[in-house]
Amino acid sequence: MCGILAVLGVVDNSQLKRARIIELSRRLRHRGPDWSGLHSYQDCYLAHQRLAIVDPTSGDQPLYNQDKTVIVTVNGEIYNHKKLRQGLSSHQFRTGSDCEVIAHLYEEHGEEFVDMLDGMFSFVLLDTKDKSFIAARDAIGITPLYLGWGHDGSIWFASEMKALMDDCERFIPFPPGHIYSSKQGGLRRWYNPPWFSETIPSTPYDATILREAFERAVFKRMMTDVPFGVLLSGGLDSSLVAAVANRYLAKSDAARQWGSQLHTFCIGLKGSPDLKAAQEVADYLGTCHHELHFTVQEGIDALEEVIYHIETYDVTTIRASTPMFLMSRKIKSLGVKMVLSGEGSDEIFGGYLYFHKAPNKEELHQETCRKIKALHLYDCLRANKSTSAWGIEARVPFLDKEFINTAMAMDPEWKMIRPDLGRIEKWVLRNAFDDDKTPYLPKHILYRQKEQFSDGVGYSWIDGLKDHASAQVTDAMLKHANFVYPENTPTTKEGYHYRTIFEKLFPKNSARLSVPGGPSVACSTAKAVEWDAAWSKNLDPSGRAALGVHADAYKDAVDTKISEANNKSL
């Protein structure tokens, strides 16, 4: 993963301004420690911090078209770049970088080429022939991008808001699936899949089509010229990523460079559920497995650094980002620069435990659509920024455009959780990989209950965070939270503590408004809280807040619910 910064239309284009752009770009160097680049043209600057994954020797950025009239700075990977190059036979390429194709596609097709890209990306492109520019972000928002405005009328784009907050009067998250065009004067959506309207689909479930679409998604993400691995928690999603990658590794170009044994990584408190399950999957697949440990205190000590890197005060995101941040540091020390990860499956298939309470297929489908649309603010942000903090790139096969279209075209009746039919959460996915002849995974792993990452690393992790926050935040502080933080007022001491750290690091109003809010239970949207009246009394993003569903639901809350039911029966 790389870091990009683009500033267009500045009034001051002196050497001092160039030095300032370089200084701000350095704030993104953790994302791309391999090389730095800057191109300036009159009052426009395009800067880049590179993490070299494909063509490490010659793919430095910014990148250009043949006559260098088109300049582009890109963060991401274009998995179909070789196929796209075949359609650009008259163009002369300078590097083997997968991202160089963007400059040539623009030259050939103008601004309407973005939907041709299969990958994850954020980029800014400058056309010096007419001094126009465009910026675009991938369909789901796997890669981060922010848009800002300077006092002098300049427009700014950056991978992280820390590069904008001192020099922009206002900034916002760049919306996924959109393009900004200076010619048209604003944002427009380029990604318009059928599911986006939330119309209820009716395509019958086909296990083979679903499985093959996912296998293609994993295989294309094994495009790399550097060592890679898989983040393996032992849950369904990461285990399927590891199983498919392991099955196809020998056929990949990566195997010829780095060998045919897959590396897998897991982190947790000693004795945690994830560590045990991950080791079992790794043993079954025969991977070179790396079990990493952390303590509650080590996680607490890292909180401020984590919040600085992930740029949010959302409780769920911080809980899950901290172990991922610590794991990424250890992975980097082993020489690995790219990992595959399992984000996105729960949103697509209704895998969170609160989906057990979905009243009908219509509401289930609409909730999955809402969850996918919000991924850039939660799991995509976490996966990208937690790993990029240490110069590691995370790729997410479940968020492949083709795979999402396949899964979201399915009649949502098949995604409904139906104990009477033996269907647990994500049954359609589990069933697609339930192969008795050539099994992908052991049955009990394939049908393991959903465990959120922040829970699976060890239940005492969240309990420890709550205890730590309680020691930092008094009852009086929480009571008056709405006066101190009128926007997105924290409702718990844990949330208040994170907000205090965030405000110290990112004091501007634009920063606090970049973080979503609203009630949630077990990672639900505010709308889905309405599915169970008891949830409104137990608003916690942990999976254990799914009362009556999670096998280790919060005991006090469960006891209260049972007591209330008994009193009613009396």
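Worth pointing out:
- Helices (runs of 4 or more DSSP H) enclosed by the range 196-298 - at least 2 residues per element that are polar (S, T, N, Q): 236-248
- Checked against the criterion of being more than 18 Å from residue 338 (Cα to Cα), among the hydrophobic types (A, V, I, L, M, F, W, C), open to solvent by 10 Å² or more (accessible area, probe 1.4 Å) and modelled with pLDDT of 95 or more, the range 42-51 contains not a single residue that satisfies it.
- Search result, residues across the range 241-261 that are out of contact with any Leu (no Cβ under 7 Å at 6 or more places or on another chain) and of a type outside the set (Asp, Glu): 244, 247, 248, 250, 251, 252, 254, 256, 257, 258, 259, 261
- Residue among 105, 24 that alone is in contact (Cβ under 8 Å) with a residue 24 or more places away in the chain and either open to solvent by less than 40 Å² (accessible area, probe 1.4 Å) or under 24 Å from the mean Cα position of the chain (by Cα) (or both): 24
- Test: residue in the range 306-320 that is touching a residue at least 12 places away in the same chain (Cβ under 8 Å) and open to solvent by 40 Å² or more (accessible area, probe 1.4 Å): yes
Yes or no, residue by residue, for (1) open to solvent by less than 20 Å² (accessible area, probe 1.4 Å); (2) within 30 Å of residue 460 (Cα to Cα); (3) in contact (Cβ under 8 Å) with a residue 24 or more places away in the chain; (4) assigned by the TED database to the domain that holds residue 353:
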| position | (1), (2), (3), (4) |
| --- | --- |
| 207 | no, no, yes, yes |
| 212 | no, no, no, yes |
| 224 | yes, no, yes, yes |
| 245 | yes, no, yes, yes |
| 252 | yes, no, yes, yes |
| 275 | yes, yes, yes, yes |
| 280 | no, yes, yes, yes |
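- Take the conditions (1) closer than 30 Å to residue 495 by Cα; (2) under 18 Å from the mean Cα position of the chain (by Cα); residue 272 misses just one of them, which is (2).
- The one condition in (1) in contact with a Phe, Trp or Tyr (Cβ under 7 Å, 6 or more places away or on another chain); (2) open to solvent by 30 Å² or more (accessible area, probe 1.4 Å) that residue 15 fails to fulfil: (1)
- Qualifying residues in the range 52-74 (those that are closer than 22 Å to residue 335 by Cβ and either open to solvent by 10 Å² or more (accessible area, probe 1.4 Å) or in contact with a Ser or Thr (Cβ under 8 Å, 6 or more places away or on another chain) (or both)) - the one modelled with the highest pLDDT: 53
- Residue check, residue 530 at pLDDT below 95, assigned to a loop (DSSP other than H, G, I, E, B), farther than 18 Å from residue 321 by Cα and of a type outside the set (A, V, I, L, M): no
- Residue within the range 80-93 that is of a type in the set (S, T, N, Q), open to solvent by less than 70 Å² (accessible area, probe 1.4 Å) and within 19 Å of residue 177 (Cβ to Cβ) present: yes
- Enumeration of residues in the range 49-87 that are part of a strand (DSSP E or B) and of a type in the set (S, T, N, Q): 49, 73, 75
- Of all the numbered requirements in (1) out of contact with any Cys (no Cβ under 9 Å at 6 or more places or on another chain); (2) modelled with pLDDT of 95 or more, residue 393 misses one, and that requirement is (1).
Yes or no, residue by residue, for (1) outside any loop (DSSP other than H, G, I, E, B); (2) hydroxyl-bearing (Ser, Thr, Tyr); (3) open to solvent by less than 40 Å² (accessible area, probe 1.4 Å):
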residue: 383; (1), (2), (3): yes, no, yes
residue: 391; (1), (2), (3): no, no, yes
residue: 434; (1), (2), (3): no, no, no
residue: 438; (1), (2), (3): no, yes, no
residue: 471; (1), (2), (3): yes, no, no
residue: 487; (1), (2), (3): no, no, no
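- Hits in the range 473-485 (condition: surrounded by fewer than 17 Cβ atoms within 10 Å (Cβ to Cβ) and not aromatic (Phe, Trp, Tyr)): 474, 475, 476, 477, 479, 480, 482, 484
- Residue list for the range 110-143, restricted to those being part of a loop (DSSP other than H, G, I, E, B), of a type in the set (Gly, Ala, Ser) and in contact (Cβ under 8 Å) with a residue 40 or more places away in the chain: 139, 141
- Residue 399 vs. criteria open to solvent by less than 10 Å² (accessible area, probe 1.4 Å), touching an Asp or Glu at 6+ places or on another chain (Cβ under 8 Å) and modelled with pLDDT of 95 or more: yes
- Of all the residues in the range 513-530, those that are open to solvent by less than 40 Å² (accessible area, probe 1.4 Å) and either of a type in the set (S, T, N, Q) or in contact (Cβ under 8 Å) with a residue 40 or more places away in the chain (or both) number 10.
- Here is the figure for the range 166-203: residues that are open to solvent by less than 30 Å² (accessible area, probe 1.4 Å), closer than 24 Å to residue 47 by Cβ and of a type in the set (A, V, I, L, M, F, W, C) total 4.
The values are calculated or read from the model by the stated rules, or taken from the named source; none is laboratory data. What you see is a predicted model, and the numbers here were worked out from it, not measured in a lab. Neighbour counts run over all protein chains shown; Cβ positions are idealised from the backbone, glycine included. Only protein heavy atoms, including side chains, enter the accessible area calculation; ligands, DNA and RNA are left aside. Shrake-Rupley method; radii C 1.70, N 1.55, O 1.52, S 1.80 Å.
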